[in-house]
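Everything on this sheet refers to the single structure shown next.
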Amino acid sequence: MDQGLTMSRNQNITDVLMVGATGSIGQPAVRAAQRHGLHPRALVRDPRRAEQLLPGVELVQGDLADPVSLRHAVSGAEALVLTHRSSGGPRPDARAHVDYGGARNILAALDGAQPRTALMTSIYATRSDIPGVTPWKRRSERLLRASGLPYTIVPPCWFDHVGPTQRRLVLEQGGTADGGIARDQIAETLVGSLLTGTALGKTFELIAAGGQEPSDWDGFFGDLKSDESGSLDGVLDPADLPVEAEPQAVRADLDAVRSLRGANG
Ligand SMILES: NC(=O)c1ccc[n+]([C@@H]2O[C@H](COP(=O)([O-])OP(=O)(O)OC[C@H]3O[C@@H](n4cnc5c(N)ncnc54)[C@H](OP(=O)(O)O)[C@@H]3O)[C@@H](O)[C@H]2O)c1
């Protein structure tokens, strides 16, 4: 996908920790990082299985539920790509525990380091009006914004609902986008966002449309509105999740990531 792509490459990044690297977006994200000359390290729970999925890729064993393992994994990372998610499993609170809790544990493990971070969340992450949508993805976005890390947040639209001629990328903000996107397009956008300053501090939904893939990523991200400095929400997100009404544990997590920021920056 990076044929003919121009990007100013103004971030000094080589070592990228890929969280969720064995997943359906994580695998193409690792390949995208390699194509861009980065050195991806894959956080994996089961190295023997991961070796089959990611041949030749440096693996670091760890579990998002095990903060000690994460400290070693994040050490030295100049960037993070977060595409993890709970596979559901027996825990009814799996989204809180893995999707949100994993992001919280990674941020805590950084202990004040500030790697450039790309976080994938989900279509409808901010849509409290849609049945079945929980706020845990949105809460993970909020933690990242509160952390002070240089970030880009990408809630993609529906995986695979896209044809081969739909290579043009459309970025929208505000949580109302709907449409399809190919997995390699998501992966390329996440990695591309690390490499240009114009994606910094931005949150955008990602959809594919008919046409060619972007050739100038700096300009492409540059047209978007930035999130407001100090805000927990994306620039056009609905103001319908007041922090004061959040569970006490969620507010404590926000305070904890803010205090790490204060201690180190
Ligand atoms: N389907 C759609 O149309 C759509 C649209 C927009 C957004 N999304 C969002 O995209 C996400 C799915 O992405 P995907 O398809 O890439 O997911 P996936 O294939 O299920 O991959 C999930 C990754 O998370 C890792 N993981 C899970 N628990 C972990 C833990 N405790 N410690 C370390 N790693 C852990 C998995 O590792 P293992 O290999 O060890 O399990 C795997 O690498 C979901 O959150 C969904 O909401 C989906």
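Bear in mind these aren't lab numbers, they're just calculated from the coordinates by the rules spelled out. All values reported here derive from a predicted model rather than from experimental measurement. Here the Cβ is made from the backbone with ideal geometry for all residues, glycine too, and neighbour counts use every protein chain on show.
Just to confirm my numbers, what's the Cα centroid distance between the stretch 50-89 and the stretch 203-236 in Å?
Using only Cα atoms to place each centre, the spacing works out to 26 Å.
For the stretch 213-230, in order, what is each residue's ³J(HN,Hα) by Karplus, 6.51 cos²θ - 1.76 cosθ + 1.60 with θ = phi - 60°, in whole Hz (x at glycine and Pro)?
For the stretch 213-230, the Karplus-derived couplings read 5, x, 10, 10, 6, 4, x, 4, 6, x, 6, 7, 6, 7, 5, 6, 4, x Hz, x marking Gly and Pro.
Label the stretch 15-264 by shape, choosing from rounded, prolate and oblate, from the square roots a ≥ b ≥ c of the eigenvalues of the Cα gyration tensor; if a/c is under 1.5 it is rounded, and otherwise prolate applies when a/b is larger than b/c, oblate when it is not.
rounded
What list of whole percents do you get for P(r) of the stretch 1-146, with Cα-Cα distances grouped in 5 Å bins up to the one holding the largest distance?
2, 9, 19, 21, 20, 14, 9, 4, 1, 0
In whole Hz, with x marking every Gly and Pro, tabulate ³J(HN,Hα) for the stretch 146-154 from phi via Karplus 6.51 cos²θ - 1.76 cosθ + 1.60, θ = phi - 60°.
Result, ordered by residue: 5, 5, x, 5, x, 10, 9, 10, 10 Hz.
Sort 162-168, 136-142 by the packing proxy (mean of other Cβ within 10 Å over each peptide's residues), most packed first.
Values: 162-168: 14.1, 136-142: 25.6.
Per-residue Cβ counts within 10 Å, averaged per peptide and sorted highest first, yield 136-142, 162-168.
List every residue whose amide H lies under 5 Å from the amide H of R85, counting only residues 5 or more places away in sequence or on a different chain, with H placed 1.01 Å from N in the peptide plane.
none
Show that you can apply the helix-only estimate: for the chain, add -39,500 (n - 2.57) for every DSSP H stretch of four or more residues, divide by all residues, and state [θ] at 222 nm to the nearest 500.
Helices in the chain give a 222 nm mean residue ellipticity of -9000 deg cm²/dmol.
How many angstrom lie between the C-alpha centres of the stretch 118-142 and the stretch 154-197?
What the calculation gives is 16 Å, centre to centre.
Determine the sum of side-chain charges near L149: Lys and Arg each +1, Asp and Glu each -1, restricted to other residues whose C-beta is under 9 angstrom from that of L149.
Combined, the nearby Lys, Arg, Asp and Glu give +3.
Decide, for the stretch 106-250, between rounded, prolate and oblate: order the square roots of the alpha carbon gyration tensor eigenvalues as a ≥ b ≥ c, take rounded if a/c falls under 1.5, and otherwise choose prolate if a/b is larger than b/c, else oblate.
Oblate, since a/c reaches 1.5 and b/c is not below a/b.
Rounded, prolate or oblate, given the Cα gyration tensor of the stretch 61-135, with a/c below 1.5 counting as rounded? Before the final figure, lay out the partial values.
Values: a/c = 2.76, a/b = 1.61, b/c = 1.71.
The shape class here is oblate.
Mind ordering 239-248, 50-59, 217-226 by average Cβ neighbours within 10 Å, highest first?
Details: 239-248: 10.4, 50-59: 14.3, 217-226: 16.4.
Top of the packing list down: 217-226, 50-59, 239-248.
Quick query: amide H of R41 versus all other amide H atoms, modeled in the peptide plane; which residues come in under 5 Å with a sequence gap of 5 or more or a different chain?
V16, L17, M18
Can you work out ³J(HN,Hα) from phi for every residue in the stretch 126-138, in order, using Karplus 6.51 cos²θ - 1.76 cosθ + 1.60 and θ = phi - 60°, giving whole Hz and x for Gly and Pro?
9, 9, 6, 7, 9, x, x, 7, 9, x, 6, 5, 4
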